[in-house]
1. Just grab the label-to-label distance for ASN300 and ALA458, each label 7 Å out from Cα along the Cβ direction, in nm (one decimal).
2. Show the residues, 5+ positions off or on another chain, whose built amide H is closer than 5 Å to the amide H of ALA412.
3. Roughly what % of DSSP beta bridges within the chain run antiparallel, to the nearest 5?
4. Less than 14 Å Cβ to Cβ from ALA455, Lys/Arg counted +1 and Asp/Glu -1: what total charge do the surrounding residues give?
5. At a Förster distance of 25 Å, what's the computed FRET efficiency of ARG419 paired with LYS486, Cβ-Cβ distance as r, to 0.05?
6. Can you run phi through the Karplus equation (6.51, -1.76, 1.60; θ = phi - 60°) for the stretch 28-44 and list ³J(HN,Hα) in whole Hz, with x for Gly and Pro?
7. Residue by residue through the stretch 434-443, what is 3J(HN,Hα) from phi via Karplus (6.51 cos²θ - 1.76 cosθ + 1.60, θ = phi - 60°)? Round to whole Hz and write x for glycine and proline.
8. Dividing the Cα radius of gyration by the Kirkwood radius, what Rg/Rh value follows for the chain?
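Bear in mind these aren't lab numbers, they're just calculated from the coordinates by the rules spelled out. Keep in mind that this is a model prediction, so the values were computed, not measured. Note that each Cβ is placed from the backbone with ideal geometry, even for glycine, and that neighbours are counted across all protein chains shown.
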Amino acid sequence: MAYAGLGQAADKGAGLLERFLRRPEAAPIVVVLLWACAVFPNFPLRSFIYEEGTNAGIGRDVWAHGHFLVPILYGIPWHEKPSLFPWLIAGAAAVTGQVNEWSARLPAMISVLLTALLVQQLTRRYASLQASLFAALCFLFAPLLLQKLTIAEPDTVIALLSFAAFVVWWNGIAAGGVSILRWIVCGLLLAALAMAKGPQPAGFFALGTAAYLILERRWRDLPGWILCMVLPLAATVAWGAAVYQKGDEIQWLNYARLNWPYPTLFRYIASNGRSTVSLLLELLPATLILPFVVSAWRRNRTGLASAPIVGPLLLYSGLCTAALVVWPGFATRYAMPIAPSMAVLAGIGWDLLAKSDHFLWRRIAGTVLGALIVYQLVLVTVMVPVFSGRFGASRIEGLALDRAIGADAAPAYCFDYNRIDTNTMFYVRKPLHCGFDEKSVTPPAWLLIPRADVATFARLRPDLDVRTDVETSWGAQLAAVRIDKKSNEK
């Protein structure tokens, strides 16, 4: 009797779950819950990696000193690119009360969630509820996104702004025409994008929409398109004019990959080929379904007749990406804006495969998505606590440096923050001043420099007593070095 009762309860629970998943509001709720499960467990154990320390440091300067146009990073003006993302970090600090891991990562984490919900809602207009949920999860758990899910970098914010501009534009096309107001809204979204990472990522929207207008001979929309594209260009030029100092053009050309030393042909082919293959893998499971969608679209299959958005999505995803993969120095993160559009295509293809002879391929795609979800959940719930020392390495090292310096009144310097780990430096509370050379630093002072450079500095400055901290000597990349005049000169 007990076993029968348990079986009936299980059947009833399964029935309730099935009925819930059929309701329109179920998919967004599932997306939010899975997003929360993927980002929040053991969040405090993960310290800064990649470029997070730099972005958080700039955000801290904006928050503390209000240097919006040209933030100061460790005493050096930062104008490599506009600083919308640090502005967002400073805004999040108004909620958390300080710039820390939460406030630094909150803009990126919220951007991921909003984009996933936008993908789900757009897909639902052209596919089933199940397909829209599949599309949202394809975006949320694509390997390209999993690398940036809780990372304080602007890539996910850019993906949101670019795709939001596409959706605003497409809603106008679907309604019969894009009004000037819609073009202006798209332009403002792209202007915000340009303020986050420069104007280059606007190319996905620019090339995709321009190609569609030309192919469809929508000449009347070209003035609106030009107005739209003028806004991000004007924002970039205005920012550049406001912050320009002599020599900045070299730095900007380097940032745009326009002034890099060109590799040999072999290295170019090997590097870009590797990045292209990586991009296909990092957009799984969407790339498994994409060939079937493209094939059906080219043959004008009736299954796609109710999804006129497929062509624009392919143009948005493909044209700028094709330019990227041949650009020297191409990296997969530059293609982040296509992740949501690829997910929508995958959702539409999910329904298409259900009506075709390739139903097994749909199961393979679903299995890959399930494996990616399990991977992320195991990572945050099991692997992060087990390897907490590795995931918290930059914080552990930074706090050790902070303890080594302590409350000593001597100032702290570094020679060049490009030669040190800004992720580690973020956790040092003492104000740090960079931009000095080995000959200009005067004692008493602390130097935070790569441990491998300590012996070189001691040889360059034989007039100083150079003492390396003991507390951080094991396994640390940076050293807290105390310099004083030698005892015979005191």
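1. Reported label-point gap for ASN300 and ALA458 is 7.9 nm.
2. Residues meeting the amide H criterion: HIS433, TRP446.
3. 75
4. Neighbourhood net charge equals +2.
5. Plugging the Cβ-Cβ distance into 1/(1 + (r/R0)^6) gives 0.45.
6. Taking θ as phi minus 60°, the curve returns x, 5, 4, 4, 4, 5, 5, 4, 4, 5, 7, 10, 8, x, 6, 4, x Hz for the stretch 28-44.
7. Values per residue, Gly and Pro as x: 10, x, 9, 9, 4, 8, 9, 6, 10, x Hz.
8. A ratio of 1.03.
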